[in-house]
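Enquirer: I'd like to ask some things about the structure below.
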Amino acid sequence: MRIRPIVCLSVALVLPQIATAKLPMPEKSLGQIESILDFCAKADPQSASKFKDVKKLLSGDATEDELSEARKSGDYTDSYQETSDKLDKVSPEKAAKACSAYLEPAK
């Protein structure tokens with residue numbers, strides 16, 4: 001399983017939506033992306049703050065209350081858990097490598 005393409009695709013799909021809404025994406029997408037970013041923060045602890053910064057960027061203009069409500073939704077929790085379950089099957093070495101590669105500038 002290749003994690004970097006999943007992370008990049010997920011981020012690319014939602015970035016254009018950031019400017020158009022307070023909560024820049026559907027709860028299901030937010031759950032998937034936050035699951036990936038949380039996974040990467042655990043897989044690459046030295047870069048955890050960078051993954052946290054990406055999460056902040058993806059939240060757009062949404063308030064903490066709006067984000068909290070979105071995270072309570074069934075769509076969010078289901079997609080977060082489903083994505084986490086899939087990522088938990090990735091070896092720690094591959095996970096750390098893929099997550100670190102995500103943070104590298106594109107060449």
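Enquirer: How much of the calculated P(r) for the range 24-107 lies past 16 Å, in percent of all Cα pairs?
Expert: On the way: 1848 of 3486 pairs.
Result for the distance tail: 53 percent.
Enquirer: Let me ask another. How compact and how long is the range 51-91, expressed as Rg and Dmax of its alpha-carbon atoms in Å?
Expert: Here Rg and the maximum Cα pair distance are 12.3, 35 Å.
Enquirer: Arranged by the count of other C-beta atoms within 10 angstrom, fewest first, what order do LEU37, LEU23 take?
Expert: On the way: LEU37 23, LEU23 18.
Fewest-to-most ranking of LEU37, LEU23: LEU23, LEU37.
Enquirer: With 10 angstrom as the radius, rank THR77, THR83, THR63 by how many other C-beta atoms surround their C-beta, starting from the fewest.
Expert: Details: THR77 14, THR83 21, THR63 11.
Fewest to most other Cβ atoms nearby, the residues stand as THR63, THR77, THR83.
Enquirer: Continuing with the same structure: What order do you get for GLU93, GLU66 when you list them from fewest to most C-beta neighbours inside 10 Å?
Expert: Working: GLU93 9, GLU66 14.
So the residues, fewest neighbours to most, are GLU93, GLU66.
Taken together, the values in this text are just the output of simple stated rules run on the coordinates, not laboratory data. Note that this is a predicted model, so its numbers are computed, not measured. Counting neighbours? That spans all protein chains shown, and the Cβs are built from the backbone with ideal geometry, glycine included.
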